[in-house]
Each structure stands twice: as C-alpha cells, then as structure tokens.
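A quick write-up on the structure given underneath.
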Amino acid sequence: MLPSQFVVGKTNKSFFAKTKEGRVLKVLREHYLRSDIYCGASACEVCNSTVARLSSDASAIIIVDSNVVLHQIDLLENPAINDVVVLSTVREEVKNKNLSVYNRLRALCSNPLRRFYVFINEHHKDTYVKPMVGESSNDRNDRAIRVATDWYQTHLGGKARVLLITNDKENKRKALEDGISAETVETYVKSLCQPNLLDLVVQPTNEDISMEEVEVTRPSKRKVIYNEHKPLSEITSGLHRGIYHQGRLRINRYNPFEAYVGSESIGDEIIIHGRINMNRAFDGDIVAVELLPNDQWNSEKSLSIAEDEDEVEEDVHLAPSSADDAPRNSNAVQELNQSRPSGRVVGVIKRNWHSYCGSLEPMPLPAGHGGVVYALFVSKDRRIPKIRIQTRQLGNLLDKRIIVAADSWDRFSRYPSGHYVVLIENDIDSRPFSAQVLACLPPLPWSVSSEDLDSSNRQDLRHLRVLSVDPPGCKDIDDALHCTALPNGNFEVGVHIADVTNFVHPGTPLDDEATQRGTSVYLVERRIDMLPKPLTEDICSLRSDVDRLAFSVIWEVTPEAEIISTSYTKSVIKSCAALSYVEAQTRMDDSRLMDPVTADLRNMNKLAKIMRQRRIERGALTLASAEVKFQIDTETLDPLDVVDYDGMEEAYRKINSVFGKEKLCADVVSEVLISLQRMYQIREANQMVEEFMLAANVSVAEKILKHFPSCSLLRRHPSPTPEMLEPLLRTAASVGLHLDISSSKALADSLDRAVGEDPYFNKLIRILATRCMTQAVYFCSGDLTTPEYHHYGLAAPLYTHFTSPIRRYADVVVHRLLAAALGISKLPPIFQDGPQLTCIADNLNYRHRNAQMASRASIELHTLIFFRKRPTDTEARIVKIRANGFIVFVPKFGIEGPVYLTQRGEKGEWVVDEEHQEVKKMDGSVSYNVLQMVRIHMEVVEPQPNRPKLQLTLV
C-alpha cells in the first residue's frame, strides 16, 4: 500500500492486450500520482537532500530525450558528461527499444561515481501528462519530457540552469516556444570545450535538427546512389502478399559484392549481387528483398576471389566453424547454367550494426591541427563497407587499430557514417569490475554458513564421494560428479553445479553486469570473466577439500545407463578430488589402481560410453573443427609454438601401429611420444564429463519447461536446409562420396562411412560438414512451437544450458527457473515479460557470438605474430575452387585463406571444371582438385604500412 499522505491523485490508464487465444481485451489500470518524488538536485532547498545526485555547482542540469540516449550512449558513458536527469518516460522508452542500451543506462544511473538521477516523472503530480485525442505515443512522450523540463526550471527557480538536450527539430522548436532552454547534442558538447568529445557524437540523420549544419551540400545537387528504403507498413503488406521476402543477409567472406538471403517463403536462398542491390544493408541485417526479373538472375559472376580496386585482398583467417562464419554457398562454384533467384534489398527491417575493429585509410595530415577531418575507416572484416567518420584527432588515429560504430547511411552517400568509440574489438567489455559490483560480493575468506546447512531447501551431500575433472590448471570449477553403486545393482549418479545464483541476485549491480557481459571470453593469453574472480575462482568454484554450495541433478540409472528417476536439489558438497583430464584418464587406464575414486571414474566412464552410443544411434552428429593452441612466452606474451593436436594424433597412430601399445610405453620411445599417447587418450575422459553434462542439461530443460511452458530459456539448433548442405554434397560428390542428408541420423551414418586412403580424409569431411551448420541459439519457449525446440546436432527434442553458470549468464537464468520450479524461490518478475525475456535471449546470442569472434580474432592475431619471423612451408588441403585460384585449409594451424593462380590484373589461363570441382590450365598440363593436398609457403607481408597480412603461395 502507498502511504496515503503522499498520494495526491489517481488516474486511470487503459490499453488493449491480445490473449493467447487471439482475443483482444481492454485493460484498465489505476495510476497513482505522488507528491514525494524528489528532484535529486543538491541545490534544491525543498526536496530531501539525502537522495540528491546532481552537483550543486554544476554548470547545467541536463535532461535528455529518448533518442539522445539511444544514439549517444557512448557519449553519455564518457566521464565528462554528468549531472544528467533521466526521466522515467525516457527510461521506459529506451527499455522497449534497445535492451543493450537500457542496461548501459541502468549502469550509469546506479553508479555512485556518476551523477545521473532517475526522476519518476510519470508518477509525479506535476509532471504526469495524459495523452491527448489523436496524439501519437511519441508525441505524448516528447510533451512529457518538455513538461518535466519546465517543472525542473520552475522548481529550482534559477538555482541551477536546466537544459533539454534533443536532436529532434520539432521537439526543440516547441521547447523554445514554451520558454524551455534546449540545445542539440553537438552544440552542448561544443560548449564543454573538450574537442575530443565531439568524436563520440553520432551525427544526426536527415530527419534530425542539425543535418543542415553537418551536410552543407545542397540536396538538389547531390547524386542519388541508392534507392530509398520502403516504409515498414509497405514492407509488411508486401511480405503478406508475397511481393517481398524476409531473411537475414549473409555477405560472402571471399567476395563482399555478393550476398545471400535465406527465404522461407520461396524455399531457397536469394542471391544479391553488388552494393547497389544490397542497398545499404550490412551483414547480419534482417532485410526485405524483391526478386529481380528472371532474365537478370545469376547475371553476375561469382567464380573468382574478389579483387576490386576499391577493396583490399582477402586475408588469411581462422577456419570457419559454422555456417555463421562462412557464407552458405561460397564453398563451391556456382554452375553457370543454373538459374538461381536473384534480388535486391528494398528495406532493412532490423539492423545488425555494432562496433567494428580496423584502421583508417592512409591519408595526408591536413594543415594545422584540431579541426574536423573526414576519414574513411576500413574494417578488419572485409564484409563491412568502409565507414566515414569525422574526427579532430586524425594524427593520433592514423596507423592504429581503432573501433568505430556505424550510425547511419544516407542514400546520397557511397559510405555509411559512423563515429570513433573507445571500446575493444567485438564489443567485449574488458574493464575492471566497478566498486558497486564488487560491493555485492561476500567478504573473504568465505565459508558455508550454518544457515546454509540448516536450510530446508538445501541438502547436505558432503558424505558423497564427489570429484571434478577439468582441463589442467582450471580454477573456475563449476561442475563435479559422483557415482555410487546401489544395493539393487543400479547406480546413483549426480551432477553438481556451482550455485552461482546464491550470490548473484536479480536487480543488483552484479547481476546487471553479468547480464550485460553475457559470457566469459577466452583469448589466447587471458580470460575476460563474466563474474569477478573472488566468485569464479574461490567462493563458487567447486575446489577440492572445501565445502561449497551447489545445485544438483541426481539420477538412479541401471547398469545399461537407463534413467530410472531424476531429482533436483540445492546442496552442500565437498569435493574429494579435483582431477585434470590426464589424471582421470591415467587412473582409469592403470589396472593396478583399485581405490574408490578410480572405481567411480571407471563406472561413470562405462555408463557414459553407453549413453554416448545411444545418443549417436538417435542421430547425434560427431562433427569436427580445427584445434589450435599456442604456447605463450610468459614475459612477452608472444606465441612460441603451436600445439598441433591433429599431428599428435596421427603420430600416435603411426607409432602405435609399429611398436604396439606395450612397447610404446617402454624405453624404446621418448617421453615426448608418451605425452602424445596421453594427448590422444584424454579424449575419453573428456567425453565422459561431456556426456553427463549433456544429460543434466536435458533433464533440467524438461523440468523447467513442464513448470514454465511459456517463459523457459532453452537452446535450439535448427536443422540445416538442403541449400546449406549443398557445398558439402558437391565436395563429397566430386570425390565419389554419397552423403545422405535426409536426417541427422542418415548424415551421421554417412559421415562414419566417409573414409579413404588419406587418414585425415574423414576429419576433413566432418570439418566441412560442421561449417554447413548454423550455430545453436538461445530462445524463449513462448516464442516458438514445440517442434522448433529441436536440437539437430544433439538429436535432442529439448535442450538448455545449466552446467556452466560461472561463465555463462544463460545458465544463471536457467538456475533461477529451476529454483522456482522446485518452489525454492519465486520467479523474478522479468520472466513474466515475454518481450524482455526474448531480448535477454537475443543479447545472450549476441554476446556468445561476440565471444567466439573475439576468441577467433585473438588466435588470428597470435598466428600473425607467430609467422612474422617464421616463414613456413606446410601441407594444406584445397576446400574451395575458384577460376583465379583456390581456398586452402591448413590443418596444422587451423587457418584458411586464398592461394592465387593468377596475379592481379593478369589474364586468366585457368578454367573451372564444375562437375569434378577442379581448376586446370587451358592446355590441361596442370590441375587442382577440391580436397587435394598441396604444399604452400606461409609468410607475413606488409602491402600497406602498419597493415601486415599472412600470405599463402604454392611451393
């Protein structure tokens, strides 16, 4: 109940809502108005000063509108911007439009080191405004912002200057007419006399107020380069009538002038040729496409590795691990006589803009310094067009790796506009955790309390023989296992997961930070944690010989690995052994060891093998990817050597076939070869742990979906379309191999039969199959139908992530769902907000993808450093054929890149045999086939200053 002395009014708010059955209801809610909502200004003599956040000596108190927050969040996060009032109207509008920006805004408002104050204007008696008849929600919100700004001016009575910041021309005009001080973002930033801040200002679009100030060229004299995007209403109508087709734009990594849009409406991929037809769409945008006339289909060549005068040549990069890393149809040459749908983009439904890493195009420094200079930014990712930025610090940015965000793309401009931001690549937050985040942690040293042990919601399982098996040196141990033989001949098997949600509570700065980061990021030389180290490596880590809180899934299973029953509980455990994979494997292999821990490992391994075989028989895929690991110099952090897993395995197989297992372990070979044997065999220990983690994830998914069918966070892996698998089928057919893709089971069986004389052949085929798959994604159960929940790769109808809450926020969400399903805690309110939960899932997918890209970029960087002083000749496999060369995969280093048969500008003397996936000289004297092994020379070259690249040439 609200204190009656502060409630001074009440109004009714009505809106319409649609039920699941499709009925439209009118909802009426009471809206209370109060008199005890304070302004937050220290200079105010009326309001409660204990809640004041705004400085008494501020040059101005600024009030920002929603679009300023949405577009200028990089600027607002700069420490130079303070004394900001965030209206509840603005906060809610930002929340509904962009969850990522909303979370950043929340962090600013809750940061005690920043002077941002949230004013609940929607519930203040003097600032609440009712919608007017015929008034749009945007116009009503703009009016509410002006009313609140006017109230602040009157309320403070000259004790502080109050300024409305808006780039909306109409909003500013009306504010000035009402006697409200208002300025544009750029004008305000200029008044701060900090020129470098202007680099953070996102330039207004042509609908905004100061476009005339930015673009002085007369519009009538500007050449139209791109077609105008269709309005959303026309796109929606066109989609319903089948005129337009919706899908995600994927730009060819090897030819950025060719893109693909997968369209469910026509059951095929639509090819988009050229920047003009892409019509300002970025890779990953959701677009609306119009098909071109049939006589224009496939009218462009897509047979070569692109070498356009306006683009740099293709760089060598880490081999793709999924269809999200490699364009779907770029793995094979398109048949010239095959008619494929071609189209053009008529509108962008949802942008995929974020921050990009790269450098500025070389240019001479202008005379003088400090003035505004326009420069072209060239992204590391060739699929991203050059971005035009303006800067006052050109001299500091040239020849340096920088981050730029895209802001807009006018149809009169060849390039999109953007701004320079202070972030690291792939939008990964590597900043130290703030004081307010660290304040959420329990003090160290921490130990399990008596309250935890006495809790009716937590079982004491310290009597169980629990152990963990992880990579060597692992400190953030978030899972452990136990296996106990039962009197009836069955086994009790438990998976125990760190109880992170006992320490990370909804709505706290710690939870906000984890939500924003989404996942830990693993780079070559370091790890960027999602949670602070006191949690990840101590309080939550299931280390041996200490009591720890856990969330446990416990099964009774038969010796045939059939699950009889499943139970879930929060628990207290005490691990008796924290083993590495090597240690666990050694115990299982040493017949002399008969201790209880070793017996438990053997029992679990036996059960896991049965479970794995059963899963494979259901159709689970055993795929492969390139594995690369560097040995790092501890002082310089430079790579010293590359660990070649495939080479180790091949060497082990050869040695083992010559000497036999008994002789292999004798003095006849060196310790190096013994380490090869261990490296090869630890896969079994790894698979044992993996199998039980998969089973726990499935069990938890079943439990939470049963209790929360419309708001569970699940993970799905969409089935690949025939078009996605086409490159694999072409490649396989060219070497006489037939693959059945009618189901995951059929594909798995076909991959098992894909063997040849080359011992690496099967793994190469599996690697090519892996890159044809899309990545698995998180989703809200209420957004899809039950058949769409299916996980193709695991052949599982239901799946989620529960087992790694220390490093994945998705698992934290699932822990909260499971606790609510068990009645341990209430379901947080956010789970009742479907759109917000969908936004969380989208953010998790975005963060997970960024983490993968950052990891790949880290490996690519260290690969470049490694080869800078180490030119190398090595073996490579041809994976794609082009008319002017081919793409090779280098197994030892896990990289992929082009090998050119003709130099730039030379007339080609090579022709492509599409049926046999072969490129050969016109006279037939030399030919190269897909999957053929070739020897290449790898060397770092520097075609442009400060822009080294790895070059591959035939030996």
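The values are calculated or read from the model by the stated rules, or taken from the named source; none is laboratory data. Owing to the predicted nature of the structure, the values given are computational and were not obtained by experimental measurement. Note that each Cβ is placed from the backbone with ideal geometry, even for glycine, and that neighbours are counted across all protein chains shown. For accessibility, only protein heavy atoms count, side chains too; no ligands or nucleic acids. Shrake-Rupley method; radii C 1.70, N 1.55, O 1.52, S 1.80 Å.
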Flag for LEU535 being farther than 30 Å from LEU453 by Cβ, open to solvent by less than 10 Å² (accessible area, probe 1.4 Å) and of a type in the set (A, V, I, L, M, F, W, C): no
Got a number for residues in region 98-116 being surrounded by fewer than 20 Cβ atoms within 10 Å (Cβ to Cβ) and among the hydroxyl-bearing types (Ser, Thr, Tyr)? 2
Residue in region 27-61 that is surrounded by the fewest Cβ atoms within 10 Å (Cβ to Cβ), counting only those that are modelled with pLDDT of 85 or more and in a strand (DSSP E or B): ARG34
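For region 848-883, what are the residues that are of a type in the set (Lys, Arg) and open to solvent by 20 Å² or more (accessible area, probe 1.4 Å)? Let's see the steps before the verdict.
Taking region 848-883 as the starting set, the residues that turn out to be of a type in the set (Lys, Arg) are 849, 856, 868-870, 877, 880, 882.
The answer is ARG849, ARG856, ARG868, LYS869, ARG870, ARG877.
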Kindly list, by first and then second residue, each pair from a residue in region 708-730 that is free of Cβ contacts under 8 Å to residues at least 60 places away in the same chain to a residue that is open to solvent by less than 20 Å² (accessible area, probe 1.4 Å), limited to pairs with Cβ atoms under 7 Å and residues at least 6 apart or on different chains. LEU725/CYS772; LEU729/LEU739
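Tell me which helices (runs of 4 or more DSSP H) are completely within region 200-290 and hold 2 or more residues being modelled with pLDDT of 90 or more, or say none if there are none.
On the way: elements: 211-214, 232-241, 274-278.
Once the helices (runs of 4 or more DSSP H) in region 200-290 are filtered for at least 2 residues that are modelled with pLDDT of 90 or more, what remains is 232-241, 274-278.
When you check VAL64 against the structure, is it touching a residue at least 60 places away in the same chain (Cβ under 8 Å), under 28 Å from ILE840 (Cα atoms) and open to solvent by less than 30 Å² (accessible area, probe 1.4 Å), yes or no? Walk me through how you get there before you give the answer.
Numbers: touching a residue at least 60 places away in the same chain (Cβ under 8 Å): yes; under 28 Å from ILE840 (Cα atoms): yes; open to solvent by less than 30 Å² (accessible area, probe 1.4 Å): yes.
Yes, satisfied.
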Does HIS815 meet the test of being outside any helix (DSSP H, G or I), closer than 22 Å to LEU837 by Cβ and in contact with a helix residue (DSSP H, G or I) (Cβ under 7 Å, 6 or more places away or on another chain)? no
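Would you check if LEU523 is more than 24 Å from the chain's Cα centre (by Cα) and open to solvent by 10 Å² or more (accessible area, probe 1.4 Å)? Lay out the reasoning, then the answer.
Values: more than 24 Å from the chain's Cα centre (by Cα): no; open to solvent by 10 Å² or more (accessible area, probe 1.4 Å): yes.
Considered against the rule, which asks whether it is more than 24 Å from the chain's Cα centre (by Cα) and open to solvent by 10 Å² or more (accessible area, probe 1.4 Å), LEU523 comes out as no.
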Name, by its number, the condition in (1) at pLDDT 85 or above; (2) under 20 Å from ASP740 (Cβ atoms) that does not hold for THR803. (2)
Go through the residues of region 859-875 one by one and say whether even a single one is out of contact with any helix residue (DSSP H, G or I) (no Cβ under 8 Å at 6 or more places or on another chain), outside any helix (DSSP H, G or I) and among the hydroxyl-bearing types (Ser, Thr, Tyr). yes
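Might you check whether a residue that is open to solvent by less than 50 Å² (accessible area, probe 1.4 Å), within 28 Å of ARG849 (Cβ to Cβ) and in a loop (DSSP other than H, G, I, E, B) occurs anywhere in region 759-772? Break it down into steps so the answer makes sense when it comes.
First pass over region 759-772, keeping only residues open to solvent by less than 50 Å² (accessible area, probe 1.4 Å): 760-772.
Right, trim to within 28 Å of ARG849 (Cβ to Cβ) and you get 763-772.
Within this subset, residues satisfying the condition of being in a loop (DSSP other than H, G, I, E, B) are 771-772.
Within region 759-772 (the criterion being open to solvent by less than 50 Å² (accessible area, probe 1.4 Å), within 28 Å of ARG849 (Cβ to Cβ) and in a loop (DSSP other than H, G, I, E, B)), the answer is yes, since at least one residue qualifies.
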Please verify whether region 734-742 includes one or more residues that are at pLDDT below 85, over 18 Å from LEU621 (Cα atoms) and not in a loop (DSSP other than H, G, I, E, B). yes
